[in-house]
1. Give S37, S29 a once-over and let me know the one that is modelled with pLDDT of 95 or more, open to solvent by less than 60 Å² (accessible area, probe 1.4 Å), more than 13 Å from the chain's Cα centre (by Cα) and closer than 30 Å to G114 by Cα.
2. Can you give me the number of residues within the range 187-206 that are without any contact (Cβ under 8 Å) to a residue 24 or more places away in the chain and either within 15 Å of Q152 (Cα to Cα) or surrounded by fewer than 18 Cβ atoms within 10 Å (Cβ to Cβ) (or both)?
3. Report the residue count in the range 44-73 for those that are closer than 22 Å to I196 by Cβ and open to solvent by less than 30 Å² (accessible area, probe 1.4 Å).
4. Do the conditions hold for G145, that is, is it loosely packed, with under 14 Cβ neighbours inside 10 Å and touching a residue at least 60 places away in the same chain (Cβ under 8 Å)?
5. What's the number of the condition R165 fails, among (1) within 24 Å of F118 (Cβ to Cβ); (2) touching a strand residue (DSSP E or B) at 6+ places or on another chain (Cβ under 6 Å); (3) not hydroxyl-bearing (S, T, Y)?
6. Suppose we filter the range 81-135 for residues that are assigned to a loop (DSSP other than H, G, I, E, B) and over 30 Å from S241 (Cα atoms); how many remain?
7. List the number of the failed condition for L163; all other conditions in (1) at pLDDT 95 or above; (2) touching a helix residue (DSSP H, G or I) at 6+ places or on another chain (Cβ under 8 Å) hold.
8. How many of the residues in the range 107-120 are open to solvent by less than 30 Å² (accessible area, probe 1.4 Å) and touching a Ser or Thr at 6+ places or on another chain (Cβ under 8 Å)?
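The values are calculated or read from the model by the stated rules, or taken from the named source; none is laboratory data. All of these numbers come straight from a predicted model, not from anything done at the bench. Backbone-built Cβ (ideal geometry, glycine too); neighbour counts: all protein chains shown. When the accessible area is computed, the model is the full protein with side chains, heavy atoms only, and any ligands, DNA or RNA have been set aside. Shrake-Rupley method; radii C 1.70, N 1.55, O 1.52, S 1.80 Å.
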Amino acid sequence: MIHTKSLVASVLFSAAAFNANATLTTYSSGGIDLVYSSVSDITWTADGNLLGSMMESQGFDTVVNAILAASPVIHDTPNQYDGSYYDHWHYDGNYTLSAEDFNYGFLGQTNWFGAMGFVNYLNSINYAGSNQWSLPSAGDNPTWGFDITDSQWGQLYYTELGLTRLATENDVNGGIFGNGQLDGSSETNIEPFSDIQINFYWMATEDVARAYQFDPAHGFQWIDDKPFSGYAWAVTPGQISSVPVPAAVWLFSTSLFGLMAASRRKR
């Protein structure tokens with residue numbers, strides 16, 4: 001005989017176990033590949049260097065000019081870098097973007113201001129059906145170092161991808177390659193993502209004239225001056241469009257309904 005209380009307890013336990021093993025979910029919106037993070041409740045672009053890919057396919061000047069047209073001025077915490085590229089000494093919280101903020105030699109590499117301009121541009125074109133793109137957050141209490149799991153980058157690296165830090169040569173299982181070393185290339189593919197750059201990525205969180213970064217090659221969160229170079233990886237809240245229910249969840253629900261029906265028949 002199946003007892004209802006035992007059934008409910010079993011269901012709650014199974015649901016808790018399922019939620020405790022959250023996974024990344026791949027989906028698409030408008031023909032664009034995306035990845036939903038259930039831990040951070042955000043969507044990442046599957047392309048880890050979308051800005052560079054756009055520049056490669058559309059041309060550097062075309063993409064940069066589109067960014068400048070959509071977001072000519074970046075509003076930030078007033079600091080010594082405000083003003084245009086050649087006039088950084090106006091503390092008014094307005095930074096005028098120029099082509100000089102983007103690296104022609106390494107497509108996709110830009111300073112923090114250019115990274116902010118890039119996500120603003122994505123919002124202006126409603127990329128993949130969203131106008132809420134941003135750089136990832138460093139969390140409510142941002143800090144720097146290894147093993148930081150309260151930033152959106154740290155949650156992706158440590159919690160969802162299950163990677164470990166690469167702090168020294170003795171960390172034989174550390175780093176983005178999981179073998180304690182770098183392979184010397186500039187990018188790598190880590191399922192379900194592609195083209196992840198072996199360099200720092202900018203985050204939205206500011207510290208006046210500096211902003212937070214994350215290094216996926218080592219699992220290190222850092223803070224650096226806004227004019228320095230890094231990469232931009234855009235995220236948007238939640239899921240842009242509905243995601244098909246994973247097969248495991250469908251089977252679990254089907255079994256649950258079957259057990260409940262059997263319980264009612266026996267009663």
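1. Every option except S29 fails the conditions.
2. 2
3. Within the range 44-73, residues that are closer than 22 Å to I196 by Cβ and open to solvent by less than 30 Å² (accessible area, probe 1.4 Å) number 13.
4. Taking the combined requirement at face value, the residue satisfies it.
5. So R165 meets the others, but not (1).
6. The number of residues fulfilling the criteria is 19.
7. (1)
8. Final tally of qualifying residues: 7.
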